[in-house]
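To keep things clear, I will list the structure first and then write my remarks on it.
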């Protein structure tokens, strides 16, 4: 495995923090809309569950990447090696992937609340998006 420099890891963590902040905010907004909505149903409960899951995973990623930022910033009180960041990198990366899967699943399911045709469209588009995203980040 190729070892990434701490400076490069710092920059990656900064970018992931920005993405996860926006995506977690979006997911939380969806959850808030469902909480105040009077609509009920298994599909809507599933969408809310995936939105909540996405928000939680993005928040976990945000805090994992913040740990990396803090430890790789000049002036951190102790010396840090790449091995010291292994747990934060693994937790952050896995939760980012799971957050993306949850978010895309939520988006894919949303079309089914309108019609069968829209549901098929959003599901196909969601699957295509997931494949393209995963092939670019893995």
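Of note:
- Most fluctuating residue given options 93, 76, 50, as computed from a GNM of the chain linking Cα atoms under 10 Å: 76
- GNM flexibility winner over the chain from 11, 89, 116 (Cα, springs under 10 Å): 116
- For the chain, calculated [θ]222 nm from helices alone, where every DSSP H run of n ≥ 4 adds -39500 (n - 2.57): -28500 deg cm²/dmol
- The C-alpha atoms of the chain define a longest principal axis, and helix 6-36 lies at about 30 degrees to it.
- Estimated FRET transfer efficiency (residue 125, residue 21; beta-carbon r; R0 30 Å; 0.05): 0.80
- Measuring nothing but how far apart in sequence close Cα pairs (under 8 Å, 6+ apart) lie, relative to its length, the chain scores a relative contact order of 26 percent.
- Folded to 0 to 90 degrees: helix 86-110 orientation relative to the chain principal axis, Cα: 20
- Both the radius of gyration and Dmax for the chain are 17.6, 57 Å, in that order, over alpha-carbon atoms.
- When the Gaussian network model of the chain links Cα atoms closer than 10 Å, the mean-square fluctuations of 12, 107, 69 top out at 12.
- Nearest 10 degrees, 0 to 90: helix 42-72 Cα axis against the chain principal axis: 10
- The spacing between the range 88-119 and the range 26-56, judged by their C-alpha centroids, is 12 Å.
Where a number appears in this text, it was derived from the coordinates with a stated rule and is not lab data. Treat the numbers as computed from the prediction; the structure is a model and nothing was measured. Ideal geometry is used to build each Cβ from the backbone, glycine not excepted, and the neighbour counts take in all protein chains shown.
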